[in-house]
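I have placed the structure first, in the form of structure tokens, so that the comments after it can refer back to it.
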Amino acid sequence: MSKNTKISDEDLTHIWHPCTQMKDHETFPLIPIKRAKGVYLYDFDDKAYIDCISSWWVNIFGHCNEFINDKIKEQLDTLEHVLLAGFTHEPAVKLASKLVEITPKGLNKLFFADNGSSAIEVALKMSFHYHKNRGDKRELFLSLSNSYHGETIGALSVGDVSLYKETYEPLLLKAIQTPVPTNQTQQSAFEAIEALKNILEIRGHEISAFIIEPLIQGAGGMHMYHSIYITKAYELCKQYGIHLIADEIMSGFGRTGTMFAMEQTGVTPDFMTLSKGLTGGYLPLAVVMTTDDIYSAFYFDYNEHKAFLHSHSYTGNPLACSASLASLELFENTNIVELNLQKSAYMREKLEKFKILKNVKEVRILGMVGVVELQGYVASQRIGLEVYKYGLKNGILIRPLGNVIYFMPPYIISYEEMDKMFDVTFEAINLLKNI
């Protein structure tokens with residue numbers, strides 16, 4: 001029995017994997033990974049796979065980055081963890097200062113959490129509690145159609161993934177959706193703004209916050225829309241006293257062509273949630289950035305009803321903060337955002353050839369996110385799974401979202417590696433016609 005098979009069998013004895021119908025693994029084996037370096041993952045047979053999705057969008061500088069490794073090792077010999085209630089430590093303080101410096105102007109306060117979904121929970125609770133402290137009862141949240149914000153109860157509530165909503169509906173918070181712009185044109189953005197106006201005229205006084213994934217909806221098929229929508233939506237939110245929450249968990253840290261997607265809108269949200277690439281993919285960490293105004297609504301002599309009520313055991317973990325500081329230092333030292341724009345232009349060029357395939361509906365790109373959307377298949381065919389299998393067989397890891405094939409590689413990917421990523425995927429999609 002090979003080491004790959006042995007580990008896979010032992011795994012399936014006990015481990016329940018995320019976003020997985022475990023019965024699939026009766027016929028489709030797990031891929032045990034022994035080690036990783038740069039953009040490559042290696043199994044126990046030393047077969048290499050290009051990680052074309054940054055391991056669920058987190059490893060923005062690839063795997064086992066020596067600079068980040070060294071910073072974590074250095075921190076490990078000093079302080080591995082301490083509670084952040086009544087105590088603090090230098091990595092958390094340095095990281096907070098750095099994030100205030102690089103995020104949109106006015107986001108002067110931050111609250112640490114452990115992961116993206118938890119950050120969403122914090123932002124939702126903080127918004128609701130802010131209004132409560134100001135004597136205003138607002139129990140409703142607003143989000144975009146086709147949105148995804150995580151899988152804890154509050155995050156699911158403001159998402160719009162039908163599978164999740166239908167399954168867990170009795171447990172969810174009060175939330176409604178407004179139409180997302182249908183595409184990346186200004187016209188569709190203004191049409192969606194009119195729909196938003198109609199909702200706010202009727203229910204604006206009930207809404208605590210409007211939460212968005214700026215410019216690109218990740219799990220919603222990498223759907224993209226124009227920045228003018230956010231600019232105009234922000235103005236409407238201000239009219240009705242509604243907070244704007246920018247969920248930059250996926251889009252933050254250079255993925256969309258700017259350090260943060262909100263930079264392309266010209267506005268500062270009331271809340272910005274960050275995670276995933278925050279630590280370069282090394283350790284769980286999230287933050288909620290917010291304003292002095294929101295912070296001040298909780299700043300009183302002791303009163304159990306006005307203090308913000310939320311905590312995590314690993315809040316502001318020093319190792320995670322050190323990984324994040326190292327990742328941000330790499331941005332500063334290597335001008336990553338500008339280099340990403342050059343790679344984005346190359347990705348756009350490579351995507352052009354997919355348009356000749358009749359089973360391709362559309363290609364689109366935003367920064368370091370490239371998308372090929374297929375047509376002519378029903379969900380039961382699981383076409384994305386066929387592309388995934390072909391990719392693994394030929395040394396690339398992609399994880400399609402239904403009929404949407406997307407590429408979110410680590411920023412360190414070379415042009416030759418991008419060639420393989422796109423060429424193998426093209427072959428896979430071209431072969432689908434014969435399935």
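A Cβ-based charge dipole, computed about the Cα centre of the chain with Lys and Arg at +1 and Asp and Glu at -1, lands at about 700 debye.
Within the same chain, lysines fewer than 8 places from LYS238 are excluded, and of the rest, those with a Cα less than 24 Å from its Cα are LYS105, LYS109, LYS125, LYS132, LYS137, LYS174, LYS197, LYS306. Remark: accessible surface ordering of LEU79, LEU309, LEU432 (largest first) is LEU309, LEU79, LEU432, probe radius 1.4 Å. Rounded to the nearest 10 degrees, the inclination of helix 66-76 to the longest alpha-carbon principal axis of the chain is 50 degrees. Each label point was placed 7 Å from the Cα along the Cα-to-Cβ direction; for GLN186 and MET22 their separation is 5.3 nm.
Within region 122-183, the GluC sites (Glu not before Pro) that combine a DSSP coil assignment with at most 15 other C-beta atoms in a 10 angstrom radius are GLU139. Each Lys and Arg Cβ is given +1 and each Asp and Glu Cβ -1; about its Cα centre, region 382-434 then shows a dipole of about 320 debye. Calculated mean residue ellipticity, 222 nm, the chain: -12000 deg cm²/dmol, from DSSP H runs (n ≥ 4) at -39500 (n - 2.57) each, averaged per residue and rounded to 500. Taking every alpha-carbon pair under 8 Å whose residues sit at least 6 apart, the chain reaches a relative contact order of 20 percent. For region 289-389, just say rounded, prolate or oblate: build the C-alpha gyration tensor, square-root its eigenvalues into a ≥ b ≥ c, call rounded for a/c under 1.5, and beyond that prolate if a/b exceeds b/c, oblate if not. It is prolate, given that a/c is not under 1.5 and a/b is the larger ratio. With point charges of +1 on the Cβ of Lys and Arg and -1 on the Cβ of Asp and Glu, referenced to the Cα centre of region 1-137, which listed residue (PHE87, HIS25, PHE67) lies farthest in the positive direction of the dipole? The Cα lying farthest towards the positive end belongs to PHE87.
Which shape class applies to region 135-279: rounded if a/c is under 1.5, otherwise prolate when a/b exceeds b/c and oblate if not, where a ≥ b ≥ c are the square roots of the Cα gyration tensor eigenvalues? Since a/c stays below 1.5, the shape of region 135-279 is classed as rounded.
Most simply put, the chain has about 65% antiparallel DSSP beta bridges, counting only bridges with both residues inside it. Each Lys and Arg contributes +1 and each Asp and Glu -1, all at the Cβ; summed about the Cα centre of region 244-374, the dipole is approximately 960 debye. Cross-link partners for LYS343 among the lysines, with Cα-Cα distance under 27 Å and sequence neighbours closer than 8 places in the same chain left out: LYS37, LYS47, LYS98, LYS276, LYS353, LYS355, LYS358, LYS361, LYS389, LYS393, LYS420.
Residues TRP57, TRP16, sorted by accessible area with the largest first, give TRP16, TRP57 [1.4 Å probe; ligands and nucleic acids excluded].
Given R0 = 35 Å, the distance between the Cβ atoms of TYR346 and ARG382 translates into a calculated FRET efficiency of 0.70. So which chymotrypsin sites (Phe, Trp or Tyr not before Pro) in region 328-435 are both in a DSSP loop and have at most 16 other Cβ atoms within 10 Å of their Cβ? Hits after loop and neighbour filter: TYR377. A straight chain from THR167 to TRP56 at 0.36 nm per residue would run longer than the Cα-Cα distance by 37.6 nm.
Calculated accessible area for the chain comes out at 46 Å² per residue, all protein chains present (probe 1.4 Å; ligands, DNA, RNA ignored).
Given their separation in residues at 0.36 nm each and the Cα-Cα distance between them, LYS306 and LYS433 gain 39.7 nm when the chain is fully extended. Please say if region 257-306 is rounded, prolate or oblate, where rounded means a/c under 1.5 for a ≥ b ≥ c the square roots of the C-alpha gyration tensor eigenvalues, and otherwise the choice is prolate for a/b larger than b/c and oblate otherwise? It is oblate, given that a/c is not under 1.5 and a/b is not larger than b/c. Computed with a 1.4 Å probe over protein heavy atoms only, the accessible area of HIS223 comes to about 30 Å². LYS174 sits with roughly 120 Å² accessible to a 1.4 Å probe, with DNA, RNA and ligands left out of the calculation. Computed over the alpha carbons of the chain, Rg followed by Dmax gives 21.9, 70 Å.
As a fraction of the 1.4 Å probe accessible area of region 38-145, surface on carbon and sulfur atoms comes out at 53 percent.
Using a probe of 1.4 Å, the accessible surface attributed to ILE176 totals some 40 Å² when neighbouring protein chains are kept in position. Would you work out which of ILE412, ALA428, TYR346 lies farthest towards the positive end of the dipole of region 279-435? Charges go on Cβ: Lys and Arg +1, Asp and Glu -1. Positive-end residue among those listed: ALA428.
Annotation: region 227-316 has a Kirkwood hydrodynamic radius of 15.0 angstrom, from the mean reciprocal C-alpha pair distance. Axis of helix 336-351 versus longest Cα principal axis of the chain: the two differ by about 50°, to the nearest ten degrees. Label separation (THR88 vs THR231): 3.7 nm, computed from points 7 Å beyond Cα along the C-beta direction.
The residues MET368, MET250, sorted by heavy-atom accessible surface at 1.4 Å with ligands and nucleic acids left out, run MET250, MET368 from largest to smallest.
Under the criterion of Cα pairs below 8 Å and six or more residues apart, the relative contact order for region 23-172 equals 10 percent.
Of the residues SER147, THR182, LEU172, the one whose Cα sits farthest towards the positive end of the charge dipole of the chain is THR182 (charges of +1 on Lys and Arg Cβ, -1 on Asp and Glu Cβ, taken about the Cα centre).
The values are calculated or read from the model by the stated rules, or taken from the named source; none is laboratory data. Just so you know, these numbers come straight off a predicted model, no measurement behind them. Positions of Cβ are backbone-derived with ideal geometry, glycine not excepted, and every protein chain shown enters the neighbour counts. Accessible surface areas use protein heavy atoms only, side chains included; no ligands, DNA or RNA. Shrake-Rupley method; radii C 1.70, N 1.55, O 1.52, S 1.80 Å.
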